[in-house]
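Peer 1: Below is one structure. I have some questions about it.
The values are calculated or read from the model by the stated rules, or taken from the named source; none is laboratory data. It should be emphasised that the depicted structure is a prediction, and the values quoted were computed from it without experimental measurement. Note: ideal-geometry Cβ built from the backbone for every residue, glycine included; neighbour counts use all protein chains shown. Quick note on the areas: whole protein, heavy atoms, side chains included, nothing else; ligands and nucleic acids left out. Shrake-Rupley method; radii C 1.70, N 1.55, O 1.52, S 1.80 Å.
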Amino acid sequence: MNESLRMVVVLAVIAMVSAGILSMVYGTTSVIIEENQARALESSVFEVLPGTTRVEILRRNPDELGVDDPREMREEEQKTTLIYQGLDDQDRILGYAFVGEANGYGGVIRVLVGVAEDTDAILSIKVLSHTETPGLGDRIEGEDFRGRFVGKTTADPIKVAQDIDGLSGATVSSTAVADAVRESFIEVSALYRGGE
Amino acid sequence: MVLWKDFVRGLWDENPTFRLVIGLCPTLAVTTSAVNGLSMGLATAFVLICSSALISILKRIIPDKVRIPAYIIVIATFVTIVDLVMHAYMPDLHSVLGLFIPLIVVNCIVLGRAEAFASKNSVMRSAVDGLGMGLGFTWALTLLGAIRELLGSGSLFGYSFVADGASTLGIMTLPPGGFITLGILMAVMNMISDRLKKKAS
C-alpha cells in the first residue's frame, strides 16, 4: 500500500470508529438528558406557584405545532410553546406558569414566570438558565432581585428604571430579565385568558 | 519504579498548571469554586488517561504525517463522551461546566502528552503518565478553586462560612482574581522547590 493511501485509510477508519462509538453513547444519553430537562422544568413550576401539588401542561397552540415526531415536538415545545397550570390537592387551579426568553449580557436568559389565577399578578419568577458574568450578572438569580417582580400585572410597565430597580453593575442582565418577563407575560396572559 | 516516576512527574515537577503553565483557559475560567475545579480536573484526567493509552496502542498504525488529526479525533471522541455522560447523569454540574467541557479537546495538555509521551512510550507508561498529569491538573484546579471560593464567596465546596449579606472579595470570582491567585500559588511553589533543592545540596 502506498503511503498516501495508507494515511487516508487509517484516518478514515479512526473517524468511522469514533462516529460509531459516539452514536451509541448519544443514543443512550440523549433520552436521559431530555427527561432531565423536562423534569427540571416541571419541578421549577412547583417553585413559582407555591402550594401546587399537580402540574397540567397546556399547549398554547396545538395546531400550529404540526409535528408528529416526539423528539421534534419536544424541541418545538422548548421554544416556549407550553403553559404550565398549577393545581392544588383539591384540584383547584392556583395559577399558570410559562417560560420567557431574552438576550442578556452573555447569552440567552430563560426565566419561568408564575402568575396567580385569581389576581393575574406575578407570584414568583425563577431564572432557569443564563450565562451572565459570575459575581455581577448572576445576581439576577438572587431572591432579592426576583422579588422585585412579585405582584406585577400586565397593566404594569415591568421595565427597569420604571417600576423595576435594576442591579447596579448588571444593567444589561436586569433589563433582559424584565424584557423576558414582560413580553412573555403579555403574550401568554392574552392567550390564557382568551383561550379558555 | 519507572512507572512511579512517570506518575509523580505530573504531580509536581512537571505540573501542567504551575510548572508547564499550559491549559490556562479552562483553568482560569472554571475555578470560581472548589467543586468546579475538581470536576473539571477529573474530566480532563479521564480524557488524558484514555487518549494517552489509546494513542499509545495506535502509535505504530498511525502514519506520521496524519498523526495530529488522528490524535485530535481520538481526544475529541473521549471529550464528547464525557460531555454527554455528564449532561445525562450530572445535569447540575453540566450546567456550570458545560461551556468548558468541549474545550478540553483543545487543552494543550492532552495533545501535548499525546505528542510528547504517548506516541513514544508503552501503553502502561502512557496511561500512568496521563493519570499523573491528570491528577496534577486536578489538584491545581481544586486548590485554585478553593482559594477563590473561600475569598470570593465565603464558602468552601458549597458550605458557607459567612453570614448572608456579608461582604466578600467579589473580584476573586472574576478573571482577575484567577490570575492573582495563580501568580501567588506559582510563587509559593517555586519557593518550596527552592528550599527543597537547597536542603538536598
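Peer 1: Does segment B:2-200 come out rounded, prolate or oblate, given a ≥ b ≥ c as the square roots of the eigenvalues of its C-alpha gyration tensor, rounded meaning a/c under 1.5 and, failing that, prolate meaning a/b above b/c?
Peer 2: Judged from the Cα gyration tensor, segment B:2-200 comes out oblate (a/c at least 1.5, b/c at or above a/b).
Peer 1: If r is the Cβ-Cβ distance from A:Val17 to B:Trp4 and R0 is 22 Å, what FRET efficiency results, to the nearest 0.05?
Peer 2: 0.10
Peer 1: So, with +1 on the Cβ of K and R and -1 on the Cβ of D and E, and no other charges, what is the size of the charge dipole of the protein assembly as shown about its Cα centre, to the nearest 20 debye?
Peer 2: With Lys and Arg at +1 and Asp and Glu at -1, about 2760 debye.
Peer 1: Which percent of the accessible heavy-atom area of segment A:2-194 goes to carbon and sulfur, probe 1.4 angstrom?
Peer 2: 53 percent
Peer 1: Here is a further query. In segment B:2-200, if the dipole is taken from +1 on Lys/Arg beta carbons and -1 on Asp/Glu beta carbons about the Cα centre, which of B:Val106, B:Leu150, B:Asn190 is farthest to the positive end?
Peer 2: B:Asn190
Peer 1: Plugging the Kirkwood radius over Cα pairs into Stokes-Einstein for segment B:61-148, at a temperature of 20 °C and a viscosity of 1.002 mPa s, what D comes out in µm²/s?
Peer 2: 148 µm²/s
Peer 1: Suppose we keep just the alpha-carbon trace of chain A; what are its Rg and Dmax in angstrom?
Peer 2: So, for chain A, Rg and Dmax equal 21.7, 79 Å respectively.
Peer 1: For B:Cys108, tell me the accessible area in Å² from a 1.4 Å probe, rounded to the nearest 10.
Peer 2: 60 Å²
Peer 1: Using the Cα centre as the reference, give the magnitude of the dipole from point charges on the C-beta atoms of chain A (Lys, Arg: +1; Asp, Glu: -1; all else neutral), rounded to the nearest 20 debye.
Peer 2: That gives chain A a dipole magnitude of about 500 debye.
Peer 1: Viscosity 1.567 mPa s, temperature 4 °C: give me the Stokes-Einstein translational D for the protein assembly as shown in µm²/s, with Rh taken as the Kirkwood radius over C-alpha pairs. Could the numbers behind the result be given before it?
Peer 2: Numbers: Rh = 24.1 Å.
Approximately 54 µm²/s, per Stokes-Einstein.
Peer 1: What order do A:Ile33, A:Ile57, B:Ile49 take when sorted by accessible area (1.4 Å probe), most exposed first?
Peer 2: I get A:Ile57, B:Ile49, A:Ile33, largest accessible area first.
Peer 1: Check cross-link reach from B:Lys199 to the lysines: straight Cα distance under 25 Å, and skip same-chain residues fewer than eight apart.
Peer 2: B:Lys5
Peer 1: Right, next: Would you please classify the overall shape of segment B:118-185 from the alpha carbon gyration tensor, given that a ≥ b ≥ c denote the square roots of the eigenvalues, rounded means a/c under 1.5, and beyond that prolate means a/b larger than b/c while oblate covers the rest?
Peer 2: prolate
Peer 1: Evaluate peptide B:64-74: per residue, the Cβ atoms of other protein chains within 10 Å of its Cβ; return the mean as an integer.
Peer 2: Averaged over the peptide's residues, the number is 3.
Peer 1: Here's a follow-up. Long-range amide H contacts for A:Ala121: which residues qualify at under 5 Å (H placed 1.01 Å from N, peptide plane, sequence gap of 5 or more or a different chain)?
Peer 2: Close amide H contacts, sequence-distant or interchain: A:Ala116.
Peer 1: Could I ask something else about it? Using amide H atoms built 1.01 Å from N in the peptide plane, name the residues 5+ places from A:Ile164, or on other chains, whose amide H lies under 5 Å from its own.
Peer 2: Placed amide hydrogens put A:Lys159 under 5 Å from A:Ile164.
Peer 1: Right, something else. Of the residues A:Val108, A:Val177, A:Val17, which exhibits the maximal mean-square fluctuation in a Gaussian network model of chain A defined by a 10 Å Cα contact cut-off?
Peer 2: A:Val17
Peer 1: State the percent of C-alpha pairs, over all pairs in segment B:1-116, separated by a distance greater than 18 angstrom. Let's see the in-between values first.
Peer 2: Details: 3516 of 6670 pairs.
The calculated P(r) of segment B:1-116 puts 53 percent of pairs beyond 18 Å.
Peer 1: Go ahead and run the numbers for FRET between A:Asp163 and A:Glu56, Cβ-Cβ distance against an R0 of 25 Å, rounding to 0.05.
Peer 2: 0.20
Peer 1: Using protein chains only and a probe of 1.4 angstrom, how many square angstrom of A:Thr119 are accessible, to the nearest 10?
Peer 2: Accessible surface of A:Thr119 is approximately 90 Å².
Peer 1: Kindly express, to the nearest 10 degrees and within the range 0 to 90, the angle between helix A:3-48's C-alpha long axis and the longest C-alpha principal axis of chain A.
Peer 2: 20 degrees
Peer 1: While we're on this one: Give the long-range amide H neighbours of B:Phe157: residues separated by 5 or more places, or on another chain, with amide H under 5 Å away, using H modelled in the peptide plane at 1.01 Å from N.
Peer 2: Excluding prolines and chain starts, which carry no amide H, the hits are B:Ala34, B:Val35.
Peer 1: To the nearest Å, what is the center-to-center distance of segment A:141-187 and segment B:16-70, using C-alpha atoms only?
Peer 2: Spelled out, the Cα-based centre of one part sits 42 Å from the other.
Peer 1: Follow-up question, since we're still on this one. Going by alpha carbons, how many degrees (0 to 90, nearest 10) lie between the helix axis of B:34-58 and the longest principal axis of chain B?
Peer 2: The answer is roughly 0 degrees.
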